[in-house]
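Below is one structure, written out as structure tokens; the observations come after it.
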Amino acid sequence: MFKLERVEQSYGGRVQMEDVLEVSQEVRLALNRNEAVVALESSVIAHGLPKEFRLIAARAMEDAVRDKGAVPAMVGVIGGKLKVGLSREEVEILAAGETEKVTVRDIPLAIARSLHGGTTVSATIRIAVPLGIVVMSTGGIGGVHLGDPYDVSVDLWEMTRTPAVVVCSGVKSIADARATLEWLETHGVPVYGYQSDELAGFYERSAGLNVPRLDSPEDLANVLRAAVASVGRHCATVVSVPVPEQHQIAVGEYVERALCEAREKGIAGKALTPFLLGRIAELTDGLATKANLALLANNARVAAEIAVVLSQESRRRMGFLV
Ligand code: PSU
Ligand code: MN
């Protein structure tokens, strides 16, 4: 029979979680009190935006979460430690330099090599959810890449096994929204439109694909409760929030062009997303970056509203509230 303890022994003994994980005091207090906490990914800060906008984005997301009465917990890797609730200085380290892009695959190496890194959606939920932080916010999830159906983001696999509520504006612009939605359907991961009947198209409000609509955080809370009571809760729930109307822009032709350039330069794998996002920002004269900032803050706000409703519910059940 498979015995995890035996495997750990053979791997050279057990490393304690506390040796590799550090949760900020503010986040720890909030969790102890069952208050609302929202996990934020840091790859978008470390790699997803032009340098001069990274700190602005981090602050906008954190402020949006606080404005709604929740505690932001930005997740990242600093000096090989998995950090939940990055301090301002730690966010600055990730925003300033060339640090690792840490997906769930890269966590062991980042720890063993004492690296700094921004965590993608997959790594962020893998770290946050076991702590009880189930709501996370991002810009766009990774997906099945355009033009390369074998380049499938580990975000998708991770969402099949980690029960996070992932708030996003659909799939990132350089992935294939249709193929990604199919993939998620095949693997049983539900995708809902937040106050929308269509999957969000990142810079555009619609990707032209229908999804079931949720009208409010309470509506989502009902769905999550129904899931727990029936099919269990083994996978993530994707909540797709359209970019605020005034920031919507069409980027189709620029995505095509950036993809061609990447192919010519032989850029692939983990380096592809940062390259493409950078080129799209340049080609749209910064409008894409503005839209990106707007949707990051808006998604963080919606995530906080969801986290507040979920925490009120659990506090009520536990007798904190009457
Ligand atoms: N979408 C963006 N900006 C980003 C990302 C997505 O607009 O920086 C990041 C997220 O962290 C996401 C990751 O989890 O890209 C997916 O990368 P990949 O396709 O290499 O798995
Ligand atoms: Mn990829």
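Output the qualifying pairs, or none if there are none: Cβ atoms under 6 angstrom, residues six or more apart or on different chains, first residue in the stretch 95-122 and under 22 Å from residue 275 (Cβ atoms) and in contact (Cβ under 8 Å) with a residue 24 or more places away in the chain, second residue basic (Lys, Arg) and surrounded by fewer than 24 Cβ atoms within 10 Å (Cβ to Cβ).
95/54; 101/270; 104/126
Among the residues of the stretch 252-289, how many are buried (at least 18 other Cβ atoms within 10 Å of the Cβ) and polar (S, T, N, Q)?
2
How many residues does the stretch 16-53 contain that are away from ligand 1 (no atom under 16 Å from the Cβ) and touching a Gly at 6+ places or on another chain (Cβ under 7 Å)?
6
Please find, within the stretch 165-176, the residue that is farthest from ligand 2 (Cβ to nearest atom) out of those that are surrounded by 24 or more Cβ atoms within 10 Å (Cβ to Cβ) and not in a strand (DSSP E or B).
169
Filter the stretch 125-147 down to the residues that are within 11 Å of ligand 1 (Cβ to nearest atom) and without any contact (Cβ under 8 Å) to a residue 60 or more places away in the chain, then identify the one that is farthest from residue 309 (Cα to Cα).
Looking at residues that are within 11 Å of ligand 1 (Cβ to nearest atom) and without any contact (Cβ under 8 Å) to a residue 60 or more places away in the chain, I get 144.
Looking only at the stretch 232-273, filter to residues that are of a type in the set (Val, Ile, Thr) and within 14 Å of ligand 1 (Cβ to nearest atom); which one of those is nearest to the chain's Cα centre (by Cα)?
Across the stretch 232-273, the extreme among qualifying residues is 238.
Identify all residues within the stretch 100-139 that are closer than 16 Å to residue 23 by Cβ, assigned to a helix (DSSP H, G or I) and touching a strand residue (DSSP E or B) at 6+ places or on another chain (Cβ under 6 Å); write none if there are none.
Result: 123, 124, 125, 127, 128.
Here is a list: 186, 180, 162. Which entry is among the polar types (S, T, N, Q), away from ligand 1 (no atom under 11 Å from the Cβ) and free of Cβ contacts under 8 Å to residues at least 60 places away in the same chain?
Sole residue among the options that is among the polar types (S, T, N, Q), away from ligand 1 (no atom under 11 Å from the Cβ) and free of Cβ contacts under 8 Å to residues at least 60 places away in the same chain: 186.
To keep it simple, each residue is scored yes or no on (1) modelled with pLDDT of 80 or more; (2) farther than 23 Å from residue 121 by Cα; (3) in contact with a Leu (Cβ under 9 Å, 6 or more places away or on another chain); (4) not in a loop (DSSP other than H, G, I, E, B).
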position: 1; (1), (2), (3), (4): no, yes, no, no
position: 5; (1), (2), (3), (4): no, yes, no, yes
position: 13; (1), (2), (3), (4): no, yes, no, no
position: 18; (1), (2), (3), (4): no, no, no, yes
position: 26; (1), (2), (3), (4): yes, no, no, yes
position: 29; (1), (2), (3), (4): yes, yes, no, yes
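The values are calculated or read from the model by the stated rules, or taken from the named source; none is laboratory data. Everything numeric here is computed off the predicted structure, so don't read it as measured data. We place every Cβ from the backbone using ideal geometry, glycine too, and count neighbours over all the protein chains shown.
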